[in-house]
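Engineer: Here you go, one structure.
The values are calculated or read from the model by the stated rules, or taken from the named source; none is laboratory data. Being a predicted model, the structure only gives us computed values, none of them experimental. We place every Cβ from the backbone using ideal geometry, glycine too, and count neighbours over all the protein chains shown.
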Amino acid sequence: MDRETAKSLDSACMLMDEQPDSSLNILLSINPSDIKSEYLQAQYALYLTQAKHYNHINENSDSLISFAVDFYDANKSSNPIQRMLGHYYSGIINANARKYSDAITDLIKAGQLAESQNQYLWLGRAQSEIARIYNKMSAFSEAAAYDSLACQAFRTSGDTVSLQLQTLKLANSLNNAGRCAESLTLLTEVLSDATRQKDTASIRQAHGLMADSHLKLKNFSKAADCYYRYMELSPNKATPQQYRSYIDALWQSGRHETAVRLIDSAKIKYGIHAEIPFEILFETGNTKEAYLQLKKAFAETDSVLDEITRQKVCSSAVEFSRNDIDVMELSYQNDLIKLTILIILIITGGIGAAAFVSHSRKIQKQKDEQIIALAEELESILNDRNHDSAKSEDVHVRTTASDGNEPRFSISRKHLDTIRLLCETYYESNQKESIKSKTAHNVEQEIKNFVNNPDFQTFLEYLADSENNCIINRFRRQMPGLSDKEYQIFICSSLRLPVPVILMFFDLNRNTLYTTRRRMRQKIAGSHPSDEREFLSYL
């Protein structure tokens with residue numbers, strides 16, 4: 001039976017690239033319970049996962065591919081290429097399941113194995129997938145860095161098609177990262193190559209990305225030209241968002257008549273008038289749609305502000321606002337109606353701004369109250385901490401002063417949780433300086449004292465070891481030579497402290513933290529410590 005299975009697997013492998021649907025049908029015809037050999041079971045799991053991916057079937061369960069990964073990791077000398085593919089597809093599946101940390105770990109491993117076997121095509125694919133994950137996480141600088149590495153790998157592999165597609169992905173990541181000028185330089189080269197090769201798909205995509213770059217740089221005329229070329233090549237593939245961007249570029253560049261025609265076309269195709277700014281609708285004569293948008297704005301306004309609006313509008317537009325039916329039955333081309341809508345537009349802008357300010361103040365007040373409440377709670381805990389330490393069941397760490405009498409530092413898990421919540425609230429509000437409460441100021445200073453106290457690091461390390469089977473002790477022993485910052489980040493990560501807390505503890509920015517974590521993952525993967533998988537799971 002295994003001999004027949006082996007033949008079927010070989011046939012599926014041979015057809016994988018050229019006829020993936022036939023390959024999938026062969027694999028689905030195999031009964032996995034009939035496979036006795038672990039080697040063939042791993043091969044079957046890998047090929048079936050690969051065939052589903054080639055047929056655009058997105059899997060998010062790793063139950064199948066994990067068997068192949070475990071088998072090839074346990075038998076490293078058996079087939080390094082299949083081991084590399086196992087980690088690659090495990091990364092794809094984990095990314096589909098939004099297990100981004102596990103996905104990046106698998107893809108880094110796949111890239112290392114690919115490079116060791118001079119498989120630069122697969123190295124580029126692994127790095128491209130990592131970039132895709134970072135784009136999903138809005139870590140655009142990291143995404144651009146990995147897209148650039150993928151371009152280098154594809155260039156080394158000699159696969160010009162993959163290089164062309166990857167260069168377009170790099171341009172998109174550069175746009176997302178705000179590096180639009182670099183993106184335009186890259187896209188100019190891509191457009192030149194694609195034109196020479198008569199690659200219509202790449203030409204179309206390059207024009208679309210160039211349009212986005214010019215729009216972000218406020219080069220509205222150039223953006224409109226690029227959108228025109230993009231839609232000329234594929235009029236049926238333009239999205240509603242691209243129509244809106246094209247209309248905006250045309251209007252801002254002064255091509256009002258063309259914008260009007262495109263609005264009518266977009267209305268027929270997508271019915272997207274409601275998404276176009278109502279001032280453009282009004283200026284282009286679409287007064288009915290402009291009125292409906294204003295009416296919707298009134299309906300969403302706070303009741304008090306709504307009443308004020310009605311009173312102000314009434315004096316200048318009473319004959320046109322007795323009821324909605326009367327207004328809708330009037331001719332929208334009448335100059336008086338246009339004037340009324342203009343008045344409403346001006347008033348609505350003021351009322352909308354007032355509503356926004358009121359709402360923002362309300363939200364900020366709630367944040368301030370939440371921070372003050374947390375601050376008072378923490379101050380209460382800190383004031384009673386010596387009393388609580390005798391009763392609490394939380395883990396405590398105490399260090400004794402030089403005279404050996406009074407404890408100079410005492411903290412519990414309860415203290416840490418309160419500090420964590422307070423840090424998260426401060427970070428989310430982004431308004432620390434607006435908190436004028438003396439209590440909040442005192443407690444914020446207390447937090448800084450905690451973090452800057454060397455014994456605070458002792459507590460964190462002790463707590464992490466207590467909760468995770470001496471994880472820090474093992475990490476220091478198996479990964480010597482790291483920086484203090486790297487050890488501190490690992491300690492906090494092993495305690496599952498949220499990113500905002502780590503950022504405030506060590507005065508880091510988000511990009512620095514993500515970069516440090518990525519480098520730590522690479523160091524761990526390259527050192528192969530005995531607890532490698534556990535260490536990577538915390539990063």
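Engineer: With the structure loaded, tell me whether ASN58 is of a type outside the set (A, V, I, L, M, F, W, C), closer than 30 Å to LEU539 by Cβ and not in a helix (DSSP H, G or I) or whether it fails that test.
Structural biologist: For ASN58, the condition - of a type outside the set (A, V, I, L, M, F, W, C), closer than 30 Å to LEU539 by Cβ and not in a helix (DSSP H, G or I) - is met.
Engineer: Now for a different question. Within segment 494-539, how many residues turn out to be in a loop (DSSP other than H, G, I, E, B) and at pLDDT below 85?
Structural biologist: Of the residues in segment 494-539, 9 are in a loop (DSSP other than H, G, I, E, B) and at pLDDT below 85.
Engineer: When you go through LEU174, LEU186, LEU163, LEU209 one by one, which is the residue that is at pLDDT 90 or above, of a type in the set (A, V, I, L, M), within 23 Å of ALA131 (Cα to Cα) and in contact with a Gly (Cβ under 9 Å, 6 or more places away or on another chain)? Write out each step before concluding.
Structural biologist: Values: LEU174 fails: in contact with a Gly (Cβ under 9 Å, 6 or more places away or on another chain); LEU186 fails: in contact with a Gly (Cβ under 9 Å, 6 or more places away or on another chain); LEU209 fails: in contact with a Gly (Cβ under 9 Å, 6 or more places away or on another chain).
LEU163 is the lone residue from the list that is at pLDDT 90 or above, of a type in the set (A, V, I, L, M), within 23 Å of ALA131 (Cα to Cα) and in contact with a Gly (Cβ under 9 Å, 6 or more places away or on another chain).
Engineer: Touching a residue at least 40 places away in the same chain (Cβ under 8 Å) and over 19 Å from ARG3 (Cα atoms) - does that describe any residue in segment 56-68?
Structural biologist: No, the conditions are met nowhere in segment 56-68.
Engineer: So which residues in segment 519-530 are closer than 13 Å to SER493 by Cβ and either in contact (Cβ under 8 Å) with a residue 60 or more places away in the chain or acidic (Asp, Glu) (or both)? Can you show your working first?
Structural biologist: From segment 519-530, those closer than 13 Å to SER493 by Cβ are 520-521, 524; that's our starting set.
Within segment 519-530, just ARG521 meets the criteria.
Engineer: Looking only at segment 50-97, filter to residues that are of a type in the set (Asp, Glu) and within 28 Å of the chain's Cα centre (by Cα); which one of those is surrounded by the most Cβ atoms within 10 Å (Cβ to Cβ)?
Structural biologist: Going through the qualifying residues, I end up with ASP62.
Engineer: Which of the residues spanning segment 511-537 are among the basic types (Lys, Arg) and crowded, with 16+ Cβ neighbours inside 10 Å?
Structural biologist: ARG517, ARG518, ARG521, listed by residue number.
Engineer: Additional query: Here is a list of conditions, (1) touching a residue at least 24 places away in the same chain (Cβ under 8 Å); (2) more than 25 Å from LYS99 (Cβ to Cβ); (3) surrounded by fewer than 19 Cβ atoms within 10 Å (Cβ to Cβ), and LYS7 meets all of them except one; can you say which number that is?
Structural biologist: Going through (1) touching a residue at least 24 places away in the same chain (Cβ under 8 Å); (2) more than 25 Å from LYS99 (Cβ to Cβ); (3) surrounded by fewer than 19 Cβ atoms within 10 Å (Cβ to Cβ) one by one, LYS7 breaks only (1).
Engineer: Next question. Has segment 485-495 got any residue that is over 22 Å from ILE419 (Cβ atoms), crowded, with 18+ Cβ neighbours inside 10 Å and not β-branched (Val, Ile, Thr)?
Structural biologist: Taking every residue of segment 485-495 in turn, none turns out to be over 22 Å from ILE419 (Cβ atoms), crowded, with 18+ Cβ neighbours inside 10 Å and not β-branched (Val, Ile, Thr).
Engineer: Which of (1) under 29 Å from the mean Cα position of the chain (by Cα); (2) under 30 Å from GLY111 (Cβ atoms); (3) aliphatic (A, V, I, L, M) does ALA194 not meet, given it meets every other one?
Structural biologist: It fails just one condition, (1).
Engineer: Now a separate question. Assuming PHE459 fulfils every condition listed in (1) crowded, with 19+ Cβ neighbours inside 10 Å; (2) aromatic (Phe, Trp, Tyr); (3) in contact with a helix residue (DSSP H, G or I) (Cβ under 6 Å, 6 or more places away or on another chain); (4) at pLDDT below 80 apart from one, which condition is it?
Structural biologist: Going through the list (1) crowded, with 19+ Cβ neighbours inside 10 Å; (2) aromatic (Phe, Trp, Tyr); (3) in contact with a helix residue (DSSP H, G or I) (Cβ under 6 Å, 6 or more places away or on another chain); (4) at pLDDT below 80, PHE459 breaks only (3).
Engineer: I need the full set of residues from segment 496-505 which are closer than 18 Å to LEU463 by Cα and free of Cβ contacts under 8 Å to residues at least 60 places away in the same chain, in order please.
Structural biologist: Selection gives ARG496, ILE502.
Engineer: Out of everything in segment 212-252 that is within 23 Å of the chain's Cα centre (by Cα) and in a helix (DSSP H, G or I), what residue ends up being surrounded by the fewest Cβ atoms within 10 Å (Cβ to Cβ)?
Structural biologist: Restricting to residues being within 23 Å of the chain's Cα centre (by Cα) and in a helix (DSSP H, G or I), the top hit is GLN241.
Engineer: Taking the condition of being part of a loop (DSSP other than H, G, I, E, B) and more than 22 Å from ASN118 (Cβ to Cβ), how many residues in segment 73-103 meet it?
Structural biologist: Result for segment 73-103: 3.
Engineer: Only one of (1) in contact (Cβ under 8 Å) with a residue 60 or more places away in the chain; (2) closer than 21 Å to CYS13 by Cβ fails for ALA126. Which number is that?
Structural biologist: Failing condition for ALA126: (1).
Engineer: May I pose another question? Take segment 462-484 and flag every residue that is touching a helix residue (DSSP H, G or I) at 6+ places or on another chain (Cβ under 7 Å), surrounded by fewer than 16 Cβ atoms within 10 Å (Cβ to Cβ) and under 27 Å from ALA145 (Cα atoms).
Structural biologist: none
Engineer: Which ones in segment 125-139 are out of contact with any Asp or Glu (no Cβ under 6 Å at 6 or more places or on another chain), surrounded by 20 or more Cβ atoms within 10 Å (Cβ to Cβ) and either at pLDDT below 90 or of a type in the set (Ser, Thr, Tyr) (or both)?
Structural biologist: SER128, ALA139
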